[in-house]
């Protein structure tokens, strides 16, 4: 992870339980059809921890999301626990969806000796399917008893649906002589079984921050990480990102450094979700620079990253720059096409609006290595676009679009 | 075409040369790599005809589009001819793109004895490739000499790139005892060879209308037809729709009836483009009703129609309603999920926000017939969504997303 090299943060093990005071657990409660996979997770934050939440922008959302939003407001962010079930999204299940979420969180609160309003609940799985509540309730004792400061790995596994890889990270740094750690786990949209598209991510941090500062910081972090990825442009009914700040207050002069760390963790999780997109063979990274505003740069980068024509061209290792420039052109941002320069990897293919000669074999071989050969977690297929001499730039991440995506999403019934 | 049954318009042959006074031709000028396919078309409108144009919204557009816009302004819509070449998009070719467009239109004007500013030019094909001008110029004599009131078929073939089917239609009606005809041809995005994604459509009508009325009418018609289709969400550098009104003035009391006819022609062409989308097996029709505004209904319908998850589910004949409702939810339009009812074909699968029992076999068999068996040009896979008790409704059209799309767009290099 090259970003880390230039920062004051270093990777450590322990995921979301690496930060001081956080506990987690993950068990199999028999919610998933397979029966024996972990499918229920619990995260417990220390007293006085503060939680900031970001949720799906979809109008059609699961009742557990409503409950999260309501309780974060009610407690002014002072929640303690997050219960996560995988297997059933519990969305579009009417009043029952809400009732079950309330029952589950109440049971967790009782076992933990905290207030019902201090428990959040996230669900991921098939839309329209309610949670098998008996199994869930039966599993709670084991779940609570398993809480541990080593529990991140189990929790990270329990929130997965059909992701191919577990998504877990932790980093640490010394700010003013004090060790600060940030941890995170996530699940993405590896939808071998359809509808399991929910993106969930949880972050813990053992530095205490004022609520307003934390909320704003998390908003910025989400914007440049989770909001910068796309697998297929579809948004789930259950998407949620919850970030805890818990522990002694951090001195204000270290806020910037902490935000760098939060971005590192969130970006790493976001990229691992993109890389593990359905049928994906590679991580696609698009950088747009020279824009007149950050928003302009972000919109163009995300439009290129989500273009089916670009994604299929990348999958086919085809340096088909016309599609990239066409996607940029329809992004809804004003720029002069006479100013555009374009790179695939380190190979420039367009300069000031005109195609330039390039060694196609070399570019294809670069793309081929990224798409077909690559098995590292740090490499990616890079597209760079300069649209002018503005000072703003932005990154977006996605993946290639393969036949496997179609098979996963269409042919499973046959 | 069931729509026609309830209208005063009936199908006739003759395409864009069915309306009185319009001539067309289409020849092979050796522009396409294959060499012998028709690749150059010409449409000639009668004197005093009026042309309204709609063009790609992309910032990155071909110079021929700039030229069209400039000349429509300069002549206040009084252009006479459209030259169309297929094979090269002539986009991202710098100053040369403009020069070649000017040279070609000037040569056409001379041969027709009209002003250079009265000639428009549209190009479709590979981005970054200039037109082989020698071949084009050499072909102009034959092209002009072939102009005929039977020439629509040749023109319709000459504008295709890799479309699988020709797109041509004409209708007529008697308005106040006078025979009025409307004709149209189009090409879509059958991109067996990548980058040939341009949508071009041309319409002719032998009823004369005031400029302001014609411009406004065409704007409304485009919004409910060409702007309501999607194949993969990508927009080309060269998209254009040009509509001629030529002939004696039409009485104002028939304007509404004429607009119905214009919509019938444009919608039929638009749907044939969607149906002939890359790798498509069926036309997907999404109807959203009960909305608070037309815009709300259109946005939701188009979002569903362009969702990769919906498109793959339809391809897989999977009545996976969760994806449809999830796409509706992320469309950015406010509605209450408790009010939503959903149909696949005539089968209701959701009522007032809750899933309802349905015979899955029957629904799958309906979907299967539409996707796999269907070879008619009138059938389509239908999705209906009622989101409330508002009075607005809208239609959108698209196609299923198949492995063939990936193969067409990615695997051609291997």
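Calculated on the Cα set of the protein assembly as shown, radius of gyration then Dmax: 28.8, 92 Å. Per the Debye formula on identical point scatterers at the alpha carbon atoms of region B:245-362, with no solvent, log10 I(q)/I(0) at q = 0.21 Å⁻¹ is -1.25.
For the rotation carrying B onto A, the chain B residue whose Cβ lies nearest the axis, with the distance in whole Å, reads B:403, 2.
Going by C-beta contacts inside 10 Å, put A:305, B:51 in order with the fewest on the left.
Working: A:305 26, B:51 30.
The order, fewest Cβ neighbours first, is A:305, B:51.
When shorter helices are ignored and each DSSP H run of at least 4 residues is given -39500 (n - 2.57), the per-residue value for chain B at 222 nm works out to -10000 deg cm²/dmol.
Distances, shortest first, from the label point of residue A:211 to those at the same position in the other copies read 6.2 nm; the point lies 7 Å along Cα to C-beta. Between residue A:114 and residue A:66, the FRET efficiency estimated from the beta carbon spacing at R0 = 30 angstrom works out to 0.90. Averaged over the residues of peptide A:328-341, the number of Cβ atoms from other protein chains lying within 10 Å of each residue's Cβ is 4.
For region A:1-101, what D do you get in µm² per second when you plug the Kirkwood radius from alpha-carbon pairs into Stokes-Einstein at 25 °C and 0.890 mPa s? Don't skip to the answer; put the middle values down first.
Working: Rh = 16.2 Å.
Taking Rh from Cα pairs, D becomes 152 µm²/s.
Seen against the Cα atoms of chain A and their longest principal axis, helix A:94-112 is set at about 60 degrees. Mean separation of Cα pairs under 8 Å and 6 or more residues apart, divided by the residue count, gives region B:283-413 a relative contact order of 46 percent.
Principal axis analysis of the Cα atoms in chain A yields extents of 68, 59, 35 Å, listed in decreasing size.
Ranked by the mean number of other Cβ atoms within 10 Å of their residues, highest first, the peptides A:121-133, B:162-174 fall in the order A:121-133, B:162-174.
May I ask you to derive the FRET efficiency for residue B:248 and residue B:166 from their Cβ-Cβ distance with R0 = 22 Å, giving the value to the nearest 0.05? Write down the numbers at each step before the final one.
Values: r = 30 Å, r/R0 = 1.39.
Given R0 = 22 Å and the Cβ-Cβ separation, E is 0.10.
For the residues of A:348-358, the average number of beta carbons from a partner chain within 10 Å of their own beta carbon is 2.
How would B:71, B:178 line up from fewest to most surrounding beta-carbon atoms within 10 angstrom?
Values: B:71 22, B:178 14.
Fewest to most other Cβ atoms nearby, the residues stand as B:178, B:71.
The convex hull around the C-alpha trace of region B:49-176, projected and averaged over every direction, spans 9.4 square nanometres. Here the contact order of chain B, divided by its residue count and restricted to Cα pairs under 8 Å and six or more residues apart, works out to 18 percent. Note the angle between two axes, namely the Cα long axis of helix B:211-224 and the longest principal axis of the Cα atoms of chain B, as a number of degrees from 0 to 90, rounded to the nearest 10. Compared with the principal axis, the helix lies near 40 degrees.
Take residue A:334, push a point 7 Å out from Cα through the beta-carbon direction, and compare it with the same point in every other copy: 3.0 nm, smallest first.
Taking every DSSP beta bridge that has both ends in chain A, the antiparallel portion is near 70%. Partner shielding of B:399-405 amounts to 4, given as the average count of beta-carbon atoms from other chains within 10 Å of each residue beta-carbon.
The length gained on full extension between residue A:359 and residue A:149, counted as 0.36 nm times the residue separation minus their Cα-Cα distance, comes to 70.3 nm. Helix B:294-306 sits at what angle to the longest principal axis of chain B, using alpha carbons and giving 0 to 90 degrees rounded to 10? Here the helix axis deviates by roughly 90 degrees.
Across the identical copies, the 7 Å label point of residue A:10, projected outward along Cα→Cβ, sits 8.6 nm from its counterparts, in ascending order.
What share of the DSSP beta bridges in the protein assembly as shown is antiparallel, in percent to the nearest 5?
Values: 100 of 144 bridges.
Around 70 percent antiparallel, to the nearest 5.
Fewest neighbouring Cβ atoms within 10 Å first, the residues A:118, B:278, A:338 line up as A:338, A:118, B:278.
Throughout, read-outs are computed from the coordinates displayed, never taken from laboratory work. Since the structure is predicted, the reported quantities are computational estimates derived from the model, not experimental observations. So basically every Cβ, Gly included, is an ideal-geometry build from the backbone, and we count neighbours across all protein chains shown.
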